Structures are given as structure tokens and as C-alpha cells.
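The values are calculated or read from the model by the stated rules, or taken from the named source; none is laboratory data. Keep in mind the model is a prediction, meaning the values are calculated, not measured. No Cβ is skipped: glycine too gets one built from the backbone with ideal geometry, and neighbour counts run over all protein chains shown. Protein only, heavy atoms only, side chains kept; ligands, DNA and RNA dropped before computing areas. Shrake-Rupley method; radii C 1.70, N 1.55, O 1.52, S 1.80 Å.
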Amino acid sequence: MVGLGILLGSLPGLVIHMVMMATTTSISLVLVLLFIPLLLGFGMMFQGTLYPVLYKKLTGSSVDVLTQRVLKGRKAAIRSGDFVVFLIGARANNDFDPYYQWMGDSMAKMWKELEDNPDLGCLSTEYYFGPTGHLTVQYWKSLDDLNRYARNMSNKHAGPWANLMAKGRMSSDYGFWHEAFEVKEGKYDAIYVNMPPIHLGNAIGSSLEDCKGKYTSAAGRAGKTDGSDYAKEIGSPDY
Ligand SMILES: *[C@@H]1O[C@H](CO)[C@@H](O)[C@H](O)[C@H]1NC(C)=O
């Protein structure tokens with residue numbers, strides 16, 4: 001299902017490409033300029049309603065981004081122990097290719113495996129799509145867990161990875177990347193204002209606490225001050 005979405009998501013690129021080829025530069029430029037705000041506007045309209053429901057249906061994600069779960073006020077994500085932030089992305093360098101669907105579906109199978117087996121070490125998964133391609137944001141217990149999962153041939157990563165590597169060597173149609181950051185306990189700042197639980201705040205083992213005391217300021221949340229350095233000249237922290 002995710003793969004189908006990704007495949008359909010590349011359709012606008014194909015349409016723009018065809019329009020570009022079929023018309024003069026000035027006409028196609030006008031069409032593209034009209035098309036982009038239309039797409040963005042449509043997306044924005046459903047950001048808080050239809051999109052979260054579709055997202056849950058397509059990805060099977062446990063992330064509940066529905067607006068009724070909004071936590072009012074300022075909340076900080078607090079957890080004990082180090083953790084890893086893992087960003088992994090892929091990009092279709094071509095306009096339209098059925099292989100993207102296969103890639104997307106492989107990705108969804110991995111997410112499900114990780115969610116069904118929390119012992120593997122993945123704490124949460126969220127998926128995004130933007131102008132630079134597809135992005136999955138994950139939190140992990142440790143780099144060891146992450147690498148152990150990635151290399152184990154019994155898991156749903158190694159097979160598709162080998163396939164993708166083979167494809168990647170053959171052509172430059174598929175772009176992919178990842179970044180992994182090890183975060184030390186207490187050495188980070190994660191704040192959510194009037195948001196449903198997301199990201200680190202929604203990861204297994206995290207708690208969301210009111211931004212009071214040392215959690216009042218950004219430096220305080222990152223363990224550098226006692227929180228009293230909040231920039232009061234900008235606004236009150238007590239809303
Ligand atoms: C690989 O994964 C399987 C299934 O989860 C597990 O039984 C096995 O112990 C793992 N192997 C290693 C080397 O971690």
C-alpha cells in the first residue's frame with residue numbers, strides 16, 4: 001500500500017515532465033507554477049483530518065496524530081539512557097518507475113516488523129515525504145541494535161537492501177541515504193507545544209513532562225542550566 005502511494009506520488013512529476021516536453025517553455029512554466037500551489041493547498045486542507053487517517057491506514061503506524069489527542073501546553077520528552085536518532089531516506093531520481101512501489105512496500109514491511117518486535121530496539125517510526133524525497137525518522141535504543149537488525153538476514157531489511165544495492169550499482173535512478181546520531185542521556189532538547197505525542201515524545205520509554213523548573217528553557221532541557229534563563233523578553237513560559 002505504501003508502495004502504491006509512493007508510485008502515485010511520483011505521478012505529478014510525470015505530468016510536469018510530459019507538459020514540459022509537449023509545450024513551449026513559457027506555457028509549461030505557467031502550468032507548473034499553477035500546479036504546485038494547487039497541490040500544496042490541497043494537502044494543507046487535510047493536514048489535520050484526512051491525512052492522519054490515510055497515514056495510519058497506509059503505514060499501519062501506531063502513531064496517533066489525530067487532533068483529539070493534542071496535549072495542551074508545553075511538554076518536554078524525557079527519557080533515561082542514551083538513544084539513537086536515525087534518519088533514512090530514498091529519492092526517485094527518475095519520474096516514474098514501478099520499482100519505487102516495491103521499495104515502498106519493503107519499507108512498510110520493515111516498519112511493521114520493528115513495531116511488532118520492540119525487542120529489536122526500534123522505539124518509534126514516522127514517515128514523511130517532501131521535495132528531497134522520502135524520509136523515515138526513527139528512534140533506536142542503540143547503534144548496536146540498529147546495526148544488528150540491519151545485518152541479520154532473518155530480518156526484513158537485509159534482502160531488500162541487497163536488492164537496492166544491486167539496482168543502485170546498475171543505475172542512478174534510485175538515491176538513498178541515512179544519518180545516525182547517538183544522543184547522550186539528558187543532552188538534548190525536545191519540546192512540543194499543543195501537539196499530539198510524536199517523535200521522541202512518542203518513542204517507547206519516553207515520557208512527556210510539563211516544561212517547568214529545569215525544563216523551562218531550551219538550555220535547561222539540554223542539561224546546561226537550571227532553566228531560569230528562559231527568554232522572558234520574548235514571552236511567558238507559563239501558558
Ligand atoms: C537474527 O534474527 C533471528 C530472528 O529474529 C534471531 O533468532 C537470531 O538470533 C538473530 N541473529 C543474530 C546474529 O543476531
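Numbers at a glance
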quantity	calculated
Rotationally averaged projected area of the range 131-238 (alpha carbon convex hull; nm²)	10.0 nm²
Gyration tensor verdict on the range 83-183 (Cα atoms; rounded if a/c is under 1.5, prolate if a/b is larger than b/c, oblate otherwise)	prolate
Listed residues Lys156, Lys112, Lys167, Lys224 arranged by accessible area, highest first, probe 1.4 Å	Lys224, Lys112, Lys156, Lys167
Projected label distance in nm at Arg69 and Ser228, using a 7 Å step from Cα toward the beta-carbon	3.8 nm
Residues in the range 113-127 that a label on Ile204 would reach, taking backbone N under 14 Å of a point 7 Å out along Cα→Cβ	113-125
Ranking by accessible area, most exposed first, for Trp111, Trp102 with a 1.4 Å probe	Trp102, Trp111
